[in-house]
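Asks: Here it is: the structure, laid out below.
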Amino acid sequence: MSGSAASRGVWGSKLGFILAASGSAIGLGNIIFFGANAYRFGGGAFYVPYFVALFLLGIPMMIVELGLGTTQRSALPGAMYKTTGKGGEFWGWWSLLNAMIIAMYYITILAWVASMLIKGISGALYENGAGTVVPSFMKSISSWLTVALAFGIWAVNIFFLLRGTNTIEKVVKVFVPLMWFFMIVLVIRGLTLDSGFQGVWYLFTPNFSGISEPAVWQGAFSQMFFSLSLGLGTMTAYASYLPKKSDVVANGSVVSFMNCGFEFVAGLAIFSMLFAFTLHPGPTTGTLGLSLVVVPIGIANFPALQTLFACMFFFLLLIAGLSSSISIIESPVAAIRDKFGWTRKKALLAVAGFGAAGSVLFALPMMLKKGGNPAQPLGLSLLELFDHWAFGYSLLVVGLVEAIAIGWGYGITKLRNQINENARFKLGPWFDVLIKFVVPGLIILVLLLNVLKETGAKLTFIGIDKTGFYKGDSGTFDGYGWLPMAVFGIWLVVTVVGAYILTTKGNYPQQEEGEA
Ligand code: PHE
C-alpha cells in the first residue's frame, strides 16, 4: 500500500489540527512536571532558562518537526529517510522506541491519576480530611488495581485512535476546551485564596541567582522538549496529516504559545495553593508527589467543595494526559504504517500490546527497600530509572540529531524555503543559524555536562555536587544494586538494536508524486 493522502489520514480542518497538536503538547508535562521543576529550581530562577529554551530551542525545533511532517507527509522515520537517508531513518526509529518506553510509563502515571480520581469520587480521599491523602496515594501506587486501570487506559487510547485523525479530532474538540476551562476555574480559586496571590510573585519575579547552575538549564531544556511534544516524532506524525500548503510557521507558533500559556496558568494554580496554605514540598516529595499529594492536601484546605475541586483536578490531569498519550502512540503507529503498509488496526494493536505489557512493569506494586529511604513500589523505581534515560537523554539526543541532519545534511535553507512558500511570516536566514549552530551548541553543552556527571567527574566548580552513575532519585537500592546498571543496559540494547532492525527491514514504498 503506497498510501494515498486519504488512506493515511487527513485532518478535517485547520482547527482540528491545532486542537490535536495543542492537546498533545498540553499534558502531564505542563501540570506535574512544570510545577515540580519550577518549584525545584526556585520559581523566578527557572524563568530565564525557560524562555531561552522556548525561543532558541523549542519554537525552532517545533518548526523543523512540523516542517518535516508537512513537506514529507511521513512520520518521523520516513521523513528522515526521505531527507537524510538510512542514517536519519535510524534515529527516527530510535526516537520512536524511546517514545514507546515513555508511553508505557505515561500511561501508568495516568492509571495512578485515575485511581486517585476514583478515591475522590468514592469519598475515600478526604475521609479524614487532608490526613488521608498520603495513604490514598500510597495505596494507589502499590495496588494491583492500578495494573487493571493501566489496561483500561490503553483500551481507551485504542478506542480514540481506531479511526485515526477522525476520532482524534472528535476527542480533542471536547477535551482541549474542557481542560482550559477546568484549569481557569482552579487558578481563579487558587488566586482568590488568602495569600494565594503570592504564588504569582514567586513564579513571575525573575531571579538570576540560579542561571549559573547547569542543572537548571538541563531541567529547562528537557522540560521544554517534553512539554512541546518534541523529540518523539509526535509533531511530525500529526503534521503529516496536513495539506502540503499549510503554514508551518503559524502552526508552530500557535501551538507553542498555547502550550506555554497553559503551563504558566497551571503553575499559578499550583503555586497559589502552596502559598495560601504554606505547604513546603520537601526534597523527598518527588516530581509526582507535588501534584498527586501536595496539591490534593492543599485542596483539602479549601473553605468549601473540597471533593469537587479534587475530582476536577484529577479529571483535568486525566483528559490532558489522554490527549497527549494518544499522540505519543500515534507516532509509532503512523511510522509502521508508512513503512510496512500495515492497516491502522494491525499497527495500533501491535503497538498497544507491546505498550500495555510495559505499563504493567511500571505499575508493579511490590515494595522495594531503598538504601536509607522508605520502601517504594518496584514499578515506581523502574519508572525513575527508565525515565532518567528515555526522558533525560533521548529527547535532547533526537533534537540534536534532527538539527544536525536537517541543518547540515539535508540543508536547512532548503527546508526553510519550502516552509516559506506557504508561510505568512517568512523565516529569515537567522533561522538557519539557529538550527545549524545555536540548537546543536546548546544541546551538546547540556548533554556533555550530563555525561560527565554520570561518569562521576568532579563538577563542583559549576555547582554540580552530586555526580556518579544515576541510581534513582532517592538513593541506592538495598540488595538490588545491579538494577540501575541493568536498566541502562536494557534501555540501550532495546532502543539501538530495535532501531537497527526497523531501519534495515523492508523498504519504503515508492512515493506517488503530485499528491495535494
Ligand atoms: N507534551 C506532553 C506533555 O506535556 C507529553 C508528550 C511528549 C506528548 C512527547 C507527546 C510527545 O505531557
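Asks: Return a yes/no flag: does the range 58-65 have any residue that is open to solvent by less than 20 Å² (accessible area, probe 1.4 Å), within 27 Å of Ser359 (Cβ to Cβ) and under 22 Å from the mean Cα position of the chain (by Cα).
Replies: Yes, the conditions are met somewhere in the range 58-65.
Asks: Could you list all residues from the range 388-406 that are among the hydrophobic types (A, V, I, L, M, F, W, C) and in a helix (DSSP H, G or I)?
Replies: Trp389, Ala390, Leu395, Leu396, Val397, Val398, Leu400, Val401, Ala403, Ile404, Ala405, Ile406
Asks: Let me ask something additional. Can you run down the residue pairs with Cβ atoms below 6 Å, 6 or more apart or on separate chains, where the first is in the range 198-214 and closer than 25 Å to Lys453 by Cα and the partner is assigned to a helix (DSSP H, G or I)?
Replies: That search, which allows pairs on different chains as well, returns Ser209/Ala45; Gly210/Ala45; Gly210/Val216; Ile211/Val48; Pro214/Leu449; Pro214/Ile462.
Asks: Taking the range 222-252, which residues are away from the ligand (no atom under 14 Å from the Cβ) and either within 21 Å of Thr287 (Cα to Cα) or among the aromatic types (Phe, Trp, Tyr) (or both)?
Replies: Answer for the range 222-252, where residues must be away from the ligand (no atom under 14 Å from the Cβ) and either within 21 Å of Thr287 (Cα to Cα) or among the aromatic types (Phe, Trp, Tyr) (or both): just Tyr241.
Asks: Scanning for something without any contact (Cβ under 8 Å) to a residue 24 or more places away in the chain and out of contact with any strand residue (DSSP E or B) (no Cβ under 6 Å at 6 or more places or on another chain), does the range 370-378 turn up at least one residue?
Replies: yes
Asks: Let me ask something additional. Regarding the range 253-262, can at least one residue be identified that is more than 11 Å from the ligand (Cβ to nearest atom), of a type in the set (Phe, Trp, Tyr) and modelled with pLDDT under 95?
Replies: No, that holds for no residue.
Asks: Let me ask something additional. Scan (1) in a helix (DSSP H, G or I); (2) of a type in the set (A, V, I, L, M, F, W, C); (3) open to solvent by 30 Å² or more (accessible area, probe 1.4 Å) for the single condition Leu380 breaks and write down its number.
Replies: Status for Leu380: all satisfied but (3).
Asks: Out of the residues in the range 412-434 that are among the charged types (D, E, K, R) and within 27 Å of the chain's Cα centre (by Cα), which is surrounded by the fewest Cβ atoms within 10 Å (Cβ to Cβ)?
Replies: Among those that are among the charged types (D, E, K, R) and within 27 Å of the chain's Cα centre (by Cα), it is Asp432.
The values are calculated or read from the model by the stated rules, or taken from the named source; none is laboratory data. These figures come from a predicted structure and were not determined experimentally. Glycine also receives a Cβ, built like all others from the backbone with ideal geometry; neighbour counts cover every protein chain displayed. Surface accessibility is based on the protein's heavy atoms, side chains included, excluding ligands, DNA and RNA. Shrake-Rupley method; radii C 1.70, N 1.55, O 1.52, S 1.80 Å.
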